[in-house]
Amino acid sequence: MSVKKEASGRRSIQVEVEVPGTPEEVWQAIASGPGISAWFTPAEFEERDGKPVAVTLNFGPGMESRSVVTAWDPPRIFAKEGGGWVPGSPPIATEFSVEARAGGVCVVRVVQSLFASTDDWDQQLIGSESGWPGAFRILRLYLTHFRGQRSAFMQFKAPVAGAVAEAWATLTAALGLNGVGAGQRWAVPAGVPALGGEVELVNQSPPGALLRLDQPGPGVAALFIMKFGGSVIAAFSFYLYGDQAAGTVARETPLWQAWIQQRFPMPTEPGKSD
């Protein structure tokens, strides 16, 4: 992976994916609040005089990101600009484009860029470049199997003891994913909230799994281990689809919260006790 550097000071990365659907269907997935929420993260557009002027992405409590819409040409181009992820960093521009191809598919392309005179901020772009392929796999699954359906989202994060590889082994053992490969049917063992379906992808490095669900309802689950500060974190993201999705999320959220709290309890701070 590399950052393209231009004489003007513009630095950019580009990632693309081929997905099924008409340009109009794909546009709804990448340039509407319900569409983005169905495969990426909860999103909401602000409109003025019937035209989008800003979009806010919610990555969790206290992690909202608002960007101003800078280009809007349905169903071809949607661009926005917002603050960087590190205090003091230059604004980051993000442009999505949709290009129709033969055979009922489209290419979705994302270009992210910033202007800087040094390499100090390149890591932000490199990190973003490494994250888009995983998000685009979910987009492709959504457009292939659940296109246009209502969606509901639930996400959980928990600290896991040990190094990244050890944490992944702990998580896969708890969920019954050890030794399971792409294309295989799978379900969690007893004692875990209902979860089962078909394995789409399992990676050991970086550690993660992508699952197409039929339990607790139609949907997609993305599971992975990440390092955050000095901690190793297990992340669970569930995208559920259909008219029952919101009700399923409301029912399953407290079950997963209880299981995660029991299986991966928050570490006690030194000098503190119950």
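Screening Val53 against (1) of a type outside the set (S, T, N, Q); (2) open to solvent by 70 Å² or more (accessible area, probe 1.4 Å); (3) assigned to a strand (DSSP E or B) leaves a single unmet condition, (2).
Every residue, every condition in (1) assigned to a strand (DSSP E or B); (2) touching a Pro at 6+ places or on another chain (Cβ under 7 Å); (3) without any contact (Cβ under 8 Å) to a residue 60 or more places away in the chain, yes or no:
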position: Cys106; (1), (2), (3): yes, yes, no
position: Asp120; (1), (2), (3): no, no, yes
position: Gly134; (1), (2), (3): no, no, no
position: Arg137; (1), (2), (3): no, no, no
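Output the residues belonging to region 183-196 that are farther than 15 Å from Arg137 by Cβ and not hydrophobic (A, V, I, L, M, F, W, C). Correct list: Gln184, Arg185, Pro189, Gly191, Pro193, Gly196. Selection of region 156-199 for residues being more than 25 Å from Asn58 (Cβ to Cβ) and open to solvent by 60 Å² or more (accessible area, probe 1.4 Å) yields Ala161, Ala165, Glu166, Asn178, Gly179, Ala182, Gln184, Arg185, Ala187, Ala190, Gly191. Entry remark, region 89-103: residues being aliphatic (A, V, I, L, M) and touching a residue at least 60 places away in the same chain (Cβ under 8 Å) number 2 in total. Restricted to region 57-102, and to residues there that are modelled with pLDDT of 95 or more and not in a strand (DSSP E or B), the residue that is most open to solvent (accessible area, probe 1.4 Å) is Arg76. Summed over region 215-274, residues that are in a loop (DSSP other than H, G, I, E, B), open to solvent by less than 60 Å² (accessible area, probe 1.4 Å) and modelled with pLDDT of 95 or more total 3.
Exactly one residue among Val26, Val68, Val86 is touching a residue at least 40 places away in the same chain (Cβ under 8 Å) and not acidic (Asp, Glu), and that residue is Val26.
Of all residues in region 186-210, those that are free of Cβ contacts under 8 Å to residues at least 60 places away in the same chain have Cβ atoms under 7 Å from Cβ atoms of residues that are charged (D, E, K, R), 6 or more apart or on another chain, in Gly196/Asp214; Gly197/Arg212; Gly197/Asp214; Glu198/Arg185; Glu198/Arg212. Among the residues of region 105-134, the ones that are under 20 Å from Ile77 (Cα atoms) and either open to solvent by 50 Å² or more (accessible area, probe 1.4 Å) or of a type in the set (Val, Ile, Thr) (or both) come to 5 in all.
The values are calculated or read from the model by the stated rules, or taken from the named source; none is laboratory data. Given the structure is predicted, the values throughout are model-derived calculations rather than measurements. Reconstructed Cβ throughout: ideal geometry from the backbone, glycine too, with neighbour counts over all protein chains shown. Note: accessible area is taken over every heavy atom of the protein model, side chains too, but ligands, DNA and RNA are not part of it. Shrake-Rupley method; radii C 1.70, N 1.55, O 1.52, S 1.80 Å.
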